[in-house]
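One structure is given below, encoded as structure tokens.
The values are calculated or read from the model by the stated rules, or taken from the named source; none is laboratory data. Everything quoted here is computed from the prediction, not taken from an experiment. Please note: Cβ atoms are built from the backbone with ideal geometry, for glycine as well, and neighbour counts cover all protein chains shown.
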Amino acid sequence: MALLFTVFLVWALLVAMVFYYEHSTAKIPPGFSERKKLYVFHYIMNFALGLAMLLDKLGIMSEVSFLRAVMDGIPPLRDKHLIIKDLIFEKVRVRLYQPKTSTTGQRRGVLYLHGGVGRFGSIRAYERTCRYLARKTNSLVVSVGYRLAPEYPYPTQFHDCLTATIHFMKTAQDYGVDPARIIICGDSSGGTLTAAVAQALVNRKDVPKLRAQILIYPFLQAADFNLPSYQQNARIPILIRERTLILGLKYLNKDLSAVNTLLEGSHISEKGRQKYQKWLSADNIPHEFKTRGYTPPGPPSPYSEELYELAKPFLEPLFSPLLCEDSVIAQLPETFILTCEYDVLRDDGLLYKKRLEDHGIKVTLCHLEEGFHGTVFLASLGKVASFQSGIKGLEKITKFLRLM
């Protein structure tokens, strides 16, 4: 009885702490039409994060294992419209979703790289999203189950995705897919992986060219955390400014004590600032995205060589595809970019759009006025979890795919 009371007391304290914290710090826009629903979702998510930390400290279950289980959720029932197969592409687990409907000629192929900051997410977590895309676009969808950190350190995730992509491109016809109609797609950190894989393929002669890439609210750079979207959405759920960097540091297994100095930009040298300025300048972001407020940063924080060494992987194109050289950017395929107004990563997508268009790459931008980070993932989970912005985003993605 005493043990049960202790567990109940700890649980109650945790609930109270999270509730208090979220009331005092979360800033959901007053005009947001589904404001209460977003607040509830944000509260539940933060409760799960708090519980994961508690279970980890008590030695009951690791934080990462608990959060993976939460994200995986309950698997959906059998889908009578799809043939679903689990396969191995060069030691990388994948799941194929093939529509049962007949088609004249070969289908398009869609490779899906899930989000989760390289530490969470799975084929199972994105089961509904991939089923939806396969059904609605009559495409063969390949969900890539790349290995996760910390068990498999960065950049294992990139190499698994690249390996699976190359294997599929070389064997596409075996699955009834036209090699000239292969699209790679990913959300959040999966968008980062998508951009990095697309860049890695531009100079390869042993595989066909990608037909297109789809980047859904992607993380694309870790050089400037003071862009307008980072300022405007610093405390807006669900991906607040500090959490973005903390998740990235955990992914790379780096010291979390460097968060504040990294946010201030102390890891960027003067030479680096001059190089990145042409790509990251807020002047490259249309004025309408600054109307909610933007204060140009003051003098840069003092440069730290020690911090630069810690953050060096942050600035590599594998982690920050926006910082890739022009010679690679100019060879990328047609691109669809989805951005959300209430997302710290919004401007990463807008800046990448400009870079691509400056090099003559065709870009379709889908900007969700009431979108927030994660909304597309939630759209496939059913009416209770979905938001109108995510439903709209999924519809735009499927429309783009049907044209490929």
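Details
- Yes/no for residue 313 being in contact with a Gly (Cβ under 8 Å, 6 or more places away or on another chain) and of a type outside the set (A, V, I, L, M, F, W, C): no
- Search result, residues across segment 266-292 that are assigned to a loop (DSSP other than H, G, I, E, B) and either outside the structural domain of residue 356 (by TED's automatic domain parsing) or more than 29 Å from residue 375 (Cβ to Cβ) (or both): 266, 267, 268, 269
- Residues (modelled with pLDDT of 80 or more and aromatic (Phe, Trp, Tyr)) located in segment 17-43: 32, 39, 41, 43
- Selection of segment 390-404 for residues being free of Cβ contacts under 8 Å to residues at least 12 places away in the same chain and either in contact with a Ser or Thr (Cβ under 6 Å, 6 or more places away or on another chain) or under 20 Å from residue 34 (Cα atoms) (or both) yields only 395.
- Residue match in segment 215-232 (condition: in a loop (DSSP other than H, G, I, E, B), aliphatic (A, V, I, L, M) and over 20 Å from residue 307 (Cβ atoms)): yes
- Tally, over segment 145-161, of residues that are assigned to a helix (DSSP H, G or I), in contact (Cβ under 8 Å) with a residue 24 or more places away in the chain and surrounded by fewer than 20 Cβ atoms within 10 Å (Cβ to Cβ): 1
- Cβ-Cβ distances below 7 Å connect the following pairs, each with a first residue in segment 248-275 that is touching a residue at least 60 places away in the same chain (Cβ under 8 Å), a second residue that is basic (Lys, Arg), and a separation of six or more residues or different chains: 250/119; 251/119.
- Search result, residues across segment 286-307 that are among the hydroxyl-bearing types (Ser, Thr, Tyr) and modelled with pLDDT of 90 or more: 291, 294, 295
- Residue check, residue 185 more than 14 Å from residue 319 (Cα to Cα) and either assigned by TED's automatic domain parsing to the domain that holds residue 116 or modelled with pLDDT under 95 (or both): yes
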